[in-house]
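Written out below as structure tokens is the structure these notes cover.
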Amino acid sequence: MKNNTLSAILLMIQVVYLASCNTVKDNIMVESGKNLVELATTISLEPTGKTVPVQDYFINPGLIDSVSFPDGSVKLTDDKQFFEFEGSVSKPLSLLNVYSGDTTYNLLVKRSEKIEVSFSFSDPSQKYSTVQIKGEMNQWNPRAGNLEYTDEAWKIPFWLTPGQYQYLFVCDGNEMKDPANPDSIDNNIGGFNSLLTIKATDEATPNISTLSFEDNSITLFTKHTSGVIALWQNQVIPEFNIQWTGDNVKINIPDAARQVKRSYFRIIGLNNSKTSNDLLIPLEYGEVINSADKLDRTDWHANILYFMMVDRFHNADSSNDGTMSIPEVHPKADYFGGDIKGITEKIKSGYFTNLGINSVWLSPIVQNPLGAYGLYPNPETKFSAYHGYWPASFNKVDFRLGSPEELKELVAEAHQRDMNVLIDFVANHVHEEHRIYKEHPEWATELYLPDGSLNTERWDDYRLTTWFDTFLPTLDLTNPELTDILTDSAVFWIKEYDLDGFRHDATKHVPEYFWRELTKKLKKEVIIPDQKILYQIGETYGSRELIASYVNSGEMTAQFDFGVYDNTLATFARNDIPFERLKTSMEESFKYYGYHHLMGNISGNQDKPRFMAFAGGDLRFDEDAKLAGWTREITVTNPTGYDKLKLFHAYNLTIPGIPVIYYGDEYGMTGANDPDNRRQMRFELDNDEEIDVKETVTRLVNLRKENLELTFGDFEWLHVEDDMLVFARTYFSEISIMVFNKSSDKKNVVFDVPENYINSEFKDLTLTDVELTNGSISLEVQPNSFMIIQNK
């Protein structure tokens, strides 16, 4: 089952199966868990409405009797396959009521904030024959941005949500900034993009926060809020159970919550034009959870995910090493010998437990080809399949990594230590040696485009058909027969090995039809019958609107938040990027994913240069990072990079979302881009700076796990300037305040604490008292350092 936030993130919930639904006095009922099996994601409308597949939410649409939508027009199609919303709505947030037998389900519906914006490129003499636009408004796809020439200018309209949009014009094939727009932004690779900012309405944004709780109720504090919508699971709390006293609002906990071990309150405020941040409050048998001891690995908000390349992690069985040792393959592109047994060995030794990790993600372990493929020019080399992303089978464990029995042992040992195990699932493509391609080459997309050019690495303009390389056919997953085979494979891995979910490779290159079929099948064959909590996280590089389109009740639990990652890396690794840029990026993510999302906040991955390479100044942002990794040795020449890495980790481990640590980042492994970012893992550290980083990460991971405000807490900015950042995470009476100084000088900072905590006593992590004067804290913060202040 899945869990998600109010604005679109899916949280898998634990379902307690009851023989029947028992009506209680507030008309809220315990759901059977056999039709709507998760906290339903918010339906975000377009300006003129939207068509929504019913099976995104309900496994059996036939059980639905009718629907109503008091704030607008909606129709349940005759075959009960779609909710059809028509026209606009008046409220920023409202409810779709779905009637099924004795139960009424209430789905959140968010009004579109989009406005029509016209882009114009002046060309009085019509110097150019074609003008296109590529940017965050069209997924950087110039084919979706052809401007028309009229009145001495090229023009195109888009419907856009208020926020920031980077873009470029493409004039007769040449990219350029908008000459009429003075605003631009560094793109982190040595260039600049034009930047458009669309402001929202002037009405104050509502805000809600947790204040207190009793046995039968919770109380919230509100600002600029005229009303709240509160849901227990997927049912609205009736107005007579919500009492206002000034800015405080008290919400009664329904009696039905007492019958369920794990359930959730979801609350959001609103005024005439805007919605507030969302709250997610976990309950255990109807009581507010106030201790992290009550959480386990099925509470995904409390998870810390660790990702390792299996071949590069630990070699415990030299008999299965796949090292090719041939001249055509450079040693960096060959197998190193890591295996499944090696990971199990580290699980047993306590490496992950000591670090505080409670979920591990393995790179693909499916059988890959035996030969060498591809070609890099300098130095000239082919590649082995050590990384696992060239599937030659759907169901076999690669014998160079281990055996089925060893994988089962790994999972069993992890579960015994309350750890989840995810595997990397590759659906987009197969290797040309895969039997499915040999027998059905017609099931692949076309390698050549209509103009005769190769359809390879066309990531944006042909994202659903492009091949990653000429030996990696992309599958046409609009084909129901093929999709049925591949989704059966995914279900097989979960059932056969008792896995806890997937990291999905190349999500945006796979049609949504496939993800919907996969998730539907997982619900029917695993989640409902086994009462199993699964987590599916996708990989999509693109705009937040594109990324969020895959995160809903019918597809993904989450995706990686590359928007926040790119800005976090730039902010902490570079001295010239102000914190304001990171704040803006975070607020964009909150808008699309919510404040209690399960998006992955990565420290790095197999496709990115290591943070340490940038932070230490050994790799430039404007150079070819892949070439640098091949042609020179990337080391750490400036130890300040380690301090910057600690800041980076401290930020990632205290913001909303699931922290994802890429192997080696816990001590500061360096490296340029692929394959230099995939070095052999080291467990014996003889560098004092690396030891210090690892100890800091361990403290931060365990701090997050032990403090509920860092998992289910509210979020509030307290101070933002070029080199100083302060924000707070709060959960009822508990508060953690994070303070960052990324400059090379000591800095003084003064900030107000949230008004609910002005009578608190504060200490830093060394248990030193922090003085609070008239509701404000004044601190001196050391260079390139962070502080965490708590009222504990």
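Within region 695-711, the residues that satisfy the criterion of being open to solvent by 50 Å² or more (accessible area, probe 1.4 Å) and more than 21 Å from the chain's Cα centre (by Cα) are Glu695, Arg699, Glu706. Restricting attention to region 567-605, the residues that are closer than 13 Å to Phe715 by Cβ and small (Gly, Ala, Ser) add up to 2. Every condition in (1) in a loop (DSSP other than H, G, I, E, B); (2) on the phi < 0 side of the Ramachandran plot; (3) open to solvent by 30 Å² or more (accessible area, probe 1.4 Å) holds for Glu517 except the one numbered (1). For region 591-607, a tally of residues being open to solvent by less than 10 Å² (accessible area, probe 1.4 Å) and closer than 20 Å to Asn277 by Cβ returns 7. Can we say Ser291 is open to solvent by 10 Å² or more (accessible area, probe 1.4 Å) and free of Cβ contacts under 8 Å to residues at least 24 places away in the same chain? Here the answer is no, as Ser291 does not meet what is asked. Under the condition of being crowded, with 20+ Cβ neighbours inside 10 Å and in a helix (DSSP H, G or I), the residues counted in region 527-544 number 2.
At least 3 residues being free of Cβ contacts under 8 Å to residues at least 40 places away in the same chain, on the phi < 0 side of the Ramachandran plot and open to solvent by less than 70 Å² (accessible area, probe 1.4 Å) is the threshold, and among the strands (runs of 3 or more DSSP E) wholly inside region 110-184 those reaching it are 153-160, 163-171.
Figure legend. Inter-residue proximity from region 475-504: first residues at positive phi, second residues surrounded by 18 or more Cβ atoms within 10 Å (Cβ to Cβ) and in a helix (DSSP H, G or I), beta-carbon distance below 6 Å, spacing 6+ or different chains. Indicated pairs: Asp498/Val411. The condition of being under 28 Å from Val781 (Cβ atoms), surrounded by 21 or more Cβ atoms within 10 Å (Cβ to Cβ) and modelled with pLDDT of 95 or more holds for only one of Gly671, Gly657, that being Gly657. Scanning region 518-550 for residues that are among the β-branched types (Val, Ile, Thr) and in contact with a strand residue (DSSP E or B) (Cβ under 6 Å, 6 or more places away or on another chain), which turns out modelled with the lowest pLDDT? If we take residues in region 518-550 being among the β-branched types (Val, Ile, Thr) and in contact with a strand residue (DSSP E or B) (Cβ under 6 Å, 6 or more places away or on another chain), then Ile533 is modelled with the lowest pLDDT. Every condition in (1) closer than 30 Å to Ser100 by Cα; (2) open to solvent by 70 Å² or more (accessible area, probe 1.4 Å); (3) at pLDDT 95 or above is met by Val236 except one, and the failing one is (2). Might you let me know whether region 478-498 holds any residue that is assigned to a loop (DSSP other than H, G, I, E, B) and over 26 Å from the mean Cα position of the chain (by Cα)? Yes. Applying the criterion of being open to solvent by 80 Å² or more (accessible area, probe 1.4 Å) and more than 20 Å from Asn35 (Cβ to Cβ) to the residues of region 76-92, the residue that is modelled with the lowest pLDDT is Ser88. The test for being assigned to a helix (DSSP H, G or I) and open to solvent by 40 Å² or more (accessible area, probe 1.4 Å) does not hold for Ser325.
The set of residues from region 74-100 being touching a residue at least 24 places away in the same chain (Cβ under 8 Å) and in contact with an Asp or Glu (Cβ under 7 Å, 6 or more places away or on another chain) comprises Val89, Lys91, Ser94, Tyr99, Ser100. Tell me, please, whether a residue that is open to solvent by 10 Å² or more (accessible area, probe 1.4 Å), in contact with a strand residue (DSSP E or B) (Cβ under 9 Å, 6 or more places away or on another chain) and among the polar types (S, T, N, Q) can be found in region 377-384. No. So which residues in region 199-215 are in contact (Cβ under 8 Å) with a residue 60 or more places away in the chain and exposed (fewer than 15 other Cβ atoms within 10 Å of the Cβ), if there are any at all? Of everything in region 199-215, those that are in contact (Cβ under 8 Å) with a residue 60 or more places away in the chain and exposed (fewer than 15 other Cβ atoms within 10 Å of the Cβ) turn out to be Ala200, Thr201, Glu203, Ala204, Asp215.
In region 174-194, the residue that is nearest to Arg574 (Cα to Cα) out of those that are in contact with a Phe, Trp or Tyr (Cβ under 7 Å, 6 or more places away or on another chain) and aliphatic (A, V, I, L, M) is Ile189. Being open to solvent by 20 Å² or more (accessible area, probe 1.4 Å), at negative phi and either without any contact (Cβ under 8 Å) to a residue 40 or more places away in the chain or basic (Lys, Arg) (or both) is the requirement here; does Gln259 meet it? No, not satisfied.
Taking the criterion of being touching a His at 6+ places or on another chain (Cβ under 9 Å) and closer than 19 Å to Ala412 by Cβ, the residues of region 486-542 that qualify are Asp498, Asp500. Per the conditions (1) open to solvent by less than 10 Å² (accessible area, probe 1.4 Å); (2) farther than 25 Å from Asp676 by Cα, the sole criterion not satisfied by Asn368 is (2).
If you filter region 546-565 down to residues that are within 12 Å of Lys508 (Cα to Cα) and assigned to a helix (DSSP H, G or I), you find that the one that is most open to solvent (accessible area, probe 1.4 Å) is Ser549. The residue pairs whose first member lies in region 556-583 and is without any contact (Cβ under 8 Å) to a residue 60 or more places away in the chain and farther than 17 Å from Gln164 by Cα, whose second member is among the hydrophobic types (A, V, I, L, M, F, W, C) and part of a helix (DSSP H, G or I), and whose beta carbons are closer than 6 Å, counting only pairs six or more residues apart or on different chains, are Gln559/Ile547.
In region 233-310, counting only strands (runs of 3 or more DSSP E) that sit wholly within it, the ones holding 1 or more residues that are among the charged types (D, E, K, R) span 248-252, 262-270, 275-284. Among the numbered criteria (1) over 28 Å from the mean Cα position of the chain (by Cα); (2) at positive phi, which one does Gly388 miss? Going through the list (1) over 28 Å from the mean Cα position of the chain (by Cα); (2) at positive phi, Gly388 breaks only (1).
You will find that of Leu231, Leu220, the residue that is open to solvent by less than 20 Å² (accessible area, probe 1.4 Å), out of contact with any Asp or Glu (no Cβ under 8 Å at 6 or more places or on another chain), more than 17 Å from Tyr731 (Cα to Cα) and touching a residue at least 40 places away in the same chain (Cβ under 8 Å) is Leu231 and no other.
Looking only at residues in region 750-792 that are touching a His at 6+ places or on another chain (Cβ under 9 Å) and under 22 Å from Phe732 (Cβ atoms), which one is surrounded by the most Cβ atoms within 10 Å (Cβ to Cβ)? Looking at the filtered set, the residue picked out is Phe751.
When the residues of region 718-745 are narrowed to those that are touching a strand residue (DSSP E or B) at 6+ places or on another chain (Cβ under 9 Å), surrounded by fewer than 21 Cβ atoms within 10 Å (Cβ to Cβ) and without any contact (Cβ under 8 Å) to a residue 40 or more places away in the chain, which ends up nearest to Ala570 (Cα to Cα)? Top of the filtered list is His719.
The values are calculated or read from the model by the stated rules, or taken from the named source; none is laboratory data. Remember, it's a predicted structure, so these values are computed and weren't measured experimentally. Because the Cβ atoms are built from the backbone with ideal geometry, glycine has one as well, and the counts that use them run over all protein chains shown. The area values use the complete protein model at the heavy-atom level, side chains included, leaving out ligands, DNA and RNA. Shrake-Rupley method; radii C 1.70, N 1.55, O 1.52, S 1.80 Å.
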